[in-house]
1. Tell me which residues, restricted to region 1-37, are without any contact (Cβ under 8 Å) to a residue 40 or more places away in the chain and more than 14 Å from residue 143 (Cα to Cα).
2. Go through region 73-108 residue by residue and tally those that are closer than 24 Å to residue 50 by Cα and part of a helix (DSSP H, G or I).
3. Got a number for residues in region 1-22 being under 15 Å from residue 63 (Cβ atoms) and not charged (D, E, K, R)?
4. When the residues of region 62-79 are filtered to those that are farther than 21 Å from residue 18 by Cβ and not small (Gly, Ala, Ser), which remaining residue is surrounded by the most Cβ atoms within 10 Å (Cβ to Cβ)?
5. Can you name every residue in region 1-41 that is of a type in the set (Asp, Glu) and assigned to a helix (DSSP H, G or I)?
6. Going by the conditions given, is residue 85 loosely packed, with under 13 Cβ neighbours inside 10 Å and not basic (Lys, Arg)?
7. Considering (1) in contact with a Ser or Thr (Cβ under 9 Å, 6 or more places away or on another chain); (2) in contact (Cβ under 8 Å) with a residue 60 or more places away in the chain; (3) of a type outside the set (Lys, Arg), say which one residue 62 fails and leave the rest.
Amino acid sequence: MSFYHAFEGIFASIRREKHLRFHIVIANLIAVFAYFYGISRIEWAILIICAASVIAAELFNTALESAVDTATREIRPDAKLAKDAAAGAVLALSAASLLVGVCLFGNLDKIKTTLLHIFQTPQILIPCLILGVLDVIFLIGGKNDK
């Protein structure tokens, strides 16, 4: 039952939180690009850890915001600090992950070559475009009913 409740929390958060959906879409797009860029196994591990950390931080942020909102509807300095600090943690991990991305994908010539390969190969481009459309649908979906 613990796994069931964990997945229920993840999926409920995905439906409700547009920022979580945004982080998932970005992780998805970066993973596709990384595949064609040709990163090593160690680099994959680093990329996965970064993406999972940002997504986990967003889930913690969602949990904390829900708990604070349940505890009080008043605007209180301590409640604001708790919510702002949790959002700051997501921002810090996102910024660190961006810097990791710069380190992993810092070769501009290789980025250009990879993008040209993707955009000039219909067998790659068409599935990538379909995935992009699905990402947009996923991103704008959800309830956002906070």
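The values are calculated or read from the model by the stated rules, or taken from the named source; none is laboratory data. The structure presented is a predicted model; accordingly, all values stated were derived computationally and were not measured. Counting neighbours? That spans all protein chains shown, and the Cβs are built from the backbone with ideal geometry, glycine included.
1. Once the filter is applied, which keeps residues that are without any contact (Cβ under 8 Å) to a residue 40 or more places away in the chain and more than 14 Å from residue 143 (Cα to Cα), region 1-37 yields 1, 2, 3, 4, 5, 6, 7, 8, 26, 27, 31, 35.
2. The number of residues fulfilling the criteria is 24.
3. Result for region 1-22: 11.
4. Restricting to residues being farther than 21 Å from residue 18 by Cβ and not small (Gly, Ala, Ser), the top hit is 76.
5. Within region 1-41, 8 is the sole residue that qualifies.
6. yes
7. Among (1) in contact with a Ser or Thr (Cβ under 9 Å, 6 or more places away or on another chain); (2) in contact (Cβ under 8 Å) with a residue 60 or more places away in the chain; (3) of a type outside the set (Lys, Arg), residue 62 violates only (2).
Table: residues versus (1) surrounded by 12 or more Cβ atoms within 10 Å (Cβ to Cβ); (2) under 15 Å from the mean Cα position of the chain (by Cα).
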site: 108; (1), (2): no, no
site: 120; (1), (2): no, no
site: 131; (1), (2): yes, no
site: 140; (1), (2): no, yes
